[in-house]
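J.: Starting off with a structure, shown below.
Rule-based calculations on the coordinates, nothing more; no lab input. Because the structure is a prediction, the values reported are computed rather than measured. Don't worry about glycine lacking a Cβ; one is built from the backbone with ideal geometry, like all the others, and counts go over all protein chains shown.
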Amino acid sequence: MGRHQDRRAGQAARGAFTLVEILVVVVLVMLLATIAIVQVQRARMATNEQLALTNLRLLAKSAQFFYLSNQTVYPTDLTALGQPTSNPPYVADASLLVVSPLKQGYQFTYSRLTPTTFTLLADPIAYGSTGNRHYLTDQTMDVYYTDSDRNANTADPTLP
């Protein structure tokens with residue numbers, strides 16, 4: 001009877017995982033999860049940057065339409081691009097029509113410099129986390145960008 005118990009104990013020991021094997025599996029799973037998280041974060045930043053660029057162009061074009069409709073004067077702020085100031089609104093997305101809107105990880109800042117000039121900035125809320133690019137456009141409709149952690153300016157390269 002003692003021999004049978006020893007044989008069963010040996011089989012059970014060989015059938016179970018050792019602590020080292022479990023730790024190796026846990027480390028591999030954590031490594032794969034880390035790689036996946038980094039890739040998801042990169043994809044999210046790229047999406048945020050594209051949406052910021054789209055919203056920047058939308059706001060700039062809306063300011064141009066406002067300019068053409070209102071005796072060649074740009075709006076004083078973004079709220080003028082929505083209802084009740086304009087009917088129908090130049091911009092349908094009301095979340096973009098606040099003084100300094102936040103959208104998809106970016107903050108937009110509109111400044112009317114003179115009645116015939118403006119600047120519009122799109123900056124990541126958390127550089128390196130919500131986006132890596134800063135954008136600027138103005139009444140020329142050129143879009144300037146920088147990958148540095150600073151506001152874009154007209155000396156930076158333009159996007160096509």
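J.: Let me have the relative contact order for the chain, percent, based on Cα pairs under 8 Å that are six or more residues apart. Don't jump to the answer; show the numbers that get you there.
T.: Values: 230 pairs, mean separation 25.0, N = 160.
It rounds to 16 percent for the chain.
J.: Are there trypsin sites (Lys or Arg not before Pro) in segment 70-160 that DSSP puts in a loop and that have at most 16 other Cβ atoms within 10 Å, and which ones?
T.: Working: sites: K103, R112, R133, R150; in loops: R133, R150.
Answer by residue number: R150.
J.: Would you mind pulling out the separation of the Cα centroids of segment 23-67 and segment 72-118, in Å?
T.: What the calculation gives is 24 Å, centre to centre.
J.: If you don't mind, another one. Contour minus end-to-end for S100 and V25, with contour as 0.36 nm per residue of separation and end-to-end as the Cα-Cα distance?
T.: On the way: separation 75, 0.36 × 75 = 27.00 nm, distance 4.81 nm.
Using 0.36 nm per residue and subtracting the Cα-Cα distance, I get 22.2 nm.
J.: Over the Cα atoms, compute the radius of gyration (one decimal) and Dmax (the largest Cα-Cα distance, rounded to a whole number) for the chain, in Å.
T.: Looking at the chain, its Cα Rg and Dmax stand at 27.8, 104 Å.
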